[in-house]
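The values are calculated or read from the model by the stated rules, or taken from the named source; none is laboratory data. Here the structure is a predicted model, which is why all the values come from computation and not from measurement. Counting neighbours? That spans all protein chains shown, and the Cβs are built from the backbone with ideal geometry, glycine included. Protein only, heavy atoms only, side chains kept; ligands, DNA and RNA dropped before computing areas. Shrake-Rupley method; radii C 1.70, N 1.55, O 1.52, S 1.80 Å.
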Amino acid sequence: MFSYFQKISFKIWLPFAIGLLIILLIAAWYYPSRQEKLFKENKENQIKELAKTVSLGVELSLKNNDFAGLKKTVDFAAGTADFEFVAIIINDPISNKDSVFISYPSLPAEKILQRDSISYVYEQYPFSAPDFSGTVLIAASKLKINELVASLNRPIYFLFPFILSISLIIFFLIARRISQPIVDLTEIGRASCRERVCLYV
């Protein structure tokens, strides 16, 4: 076994194997973390844009006293993506307190008003109507986002070991092919040297 480590083919193969391993380890760390960051930024932008759209719909509905339209707006927001809840929060200017006007799905006001930043990503956008003012609040589950990120990155963790294994085999075959002429020349030289010694004796 030790003699194999002394072979020229192993000495050629080893630096390539170490270099490839370092590159793949860096890629295995960088690519999933980069993808996770981009996915989360994209999800936050989705929530933000949806909050703006719903806010505009809420303003129009309240200005026209169209409560059927208000419900349609909330239903539209709830059906567009995988968000946990959509809520219209009204601010009372006298008491300066918030209250939940409507939410989908219907949840206790405490759950909506008490922000749980560990479990949810929140985005809100203000709206203003003649008799009402408040914000549209949309929440997405961090657990679901992390599960989606994990499912996106899972194939990468299977792919990298496969690439590493195939590349190491290819490098090994190339190293053997490169080293073979050197080994042959060495053997010829040793044989020639032995013959000269024999002749000399």
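The table that follows gives values for the structure above.
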| quantity | calculated |
| --- | --- |
| Answer residue from the range 105-155, given it is in a loop (DSSP other than H, G, I, E, B) and in contact with a helix residue (DSSP H, G or I) (Cβ under 7 Å, 6 or more places away or on another chain) and is least open to solvent (accessible area, probe 1.4 Å) among those | 129 |
| Identity of the residue in the range 156-165, over 11 Å from residue 27 (Cβ atoms) and open to solvent by 80 Å² or more (accessible area, probe 1.4 Å), that ends up modelled with the lowest pLDDT | 157 |
| Within the range 16-46, tally of residues that are open to solvent by 50 Å² or more (accessible area, probe 1.4 Å) and aliphatic (A, V, I, L, M) | 7 |
| Lone qualifier among 45, 64 - being closer than 16 Å to residue 129 by Cβ and free of Cβ contacts under 8 Å to residues at least 12 places away in the same chain | 64 |
| Residue 11 of a type in the set (Lys, Arg), over 32 Å from the mean Cα position of the chain (by Cα), exposed (fewer than 14 other Cβ atoms within 10 Å of the Cβ) and within 26 Å of residue 172 (Cβ to Cβ) | yes |
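A quick yes/no check of all residues on (1) in contact with a Ser or Thr (Cβ under 9 Å, 6 or more places away or on another chain); (2) small (Gly, Ala, Ser); (3) surrounded by 15 or more Cβ atoms within 10 Å (Cβ to Cβ):
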{"site": "68", "(1), (2), (3)": "yes, yes, no"}
{"site": "75", "(1), (2), (3)": "no, no, no"}
{"site": "88", "(1), (2), (3)": "yes, no, yes"}
{"site": "92", "(1), (2), (3)": "yes, no, no"}
{"site": "98", "(1), (2), (3)": "yes, no, yes"}
{"site": "103", "(1), (2), (3)": "no, yes, yes"}
